[in-house]
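Here the structure comes first, spelled out in structure tokens, and everything after it is commentary.
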Amino acid sequence: MNEHELPFRVIIEKTAQKQLQSIPRSDAIKALVKIDVLRGDPLPRGCKKFSVPMSSFRVRSGNYRIIYQVDFKDRVVRIQDVGNRKNVYERL
């Protein structure tokens, strides 16, 4: 990250907060570390872009996926969903 660039602000939606609380603590901690990385780089290596909705991405954290949107203009990353890879996509 360029020293003149401000980090992105990360907002974790209420549903994602509840999901983080419901998964095992060690997995939640790993997911929070991944989320913290998004502050400096909202498009880290390994992220995948969804075609719909626009500006939606996912990153892996073990068996869990973090679904988020990026607003590049306002420099905001909005965490929408955190869930097991088997069923997180059903909620989109």
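Since every read-out is calculated from the coordinates, none of them should be taken as a lab result. Since the model is a prediction, treat every value here as computed from it, not as a measurement. Backbone-built Cβ (ideal geometry, glycine too); neighbour counts: all protein chains shown.
Could you check the spin-label model distance between GLU5 and ARG45? Points 7 Å from the Cα along Cα→Cβ, value in nm.
Between GLU5 and ARG45, the simple spin-label model gives 1.6 nm.
Cross-link partners among aspartates and glutamates for LYS49, C-alpha distance below 20 Å, same-chain residues fewer than 8 apart left out?
GLU13, ASP36, ASP41, ASP71, ASP74, ASP81, GLU90
Quick check on the chain: of the DSSP beta bridges with both residues there, what percent are antiparallel, nearest 5%?
DSSP beta bridges in the chain are roughly 80 percent antiparallel.
Rounding to the nearest 10 and keeping the result within 0 to 90°, find how far the Cα-based axis of helix 25-40 lies from the longest principal axis of the chain.
Around 20 degrees separate the two axes.
Using 0.36 nm per residue of separation minus the Cα-Cα distance, give me the extension gain between THR15 and ASN84 in nm, one decimal.
Here the segment from THR15 to ASN84 would lengthen by 23.4 nm.
Please work out which option in [x] 0.92; [y] 0.95; [z] 1.03 gives Rg/Rh (Cα atoms, Kirkwood Rh) calculated from these coordinates, and answer with its label.
Matching entry in [x] 0.92; [y] 0.95; [z] 1.03: [y].
Taking the Cα centre of region 9-91 as origin and charging only Cβ (+1 Lys, Arg; -1 Asp, Glu), how large is the dipole, in debye to the nearest 20?
160 debye
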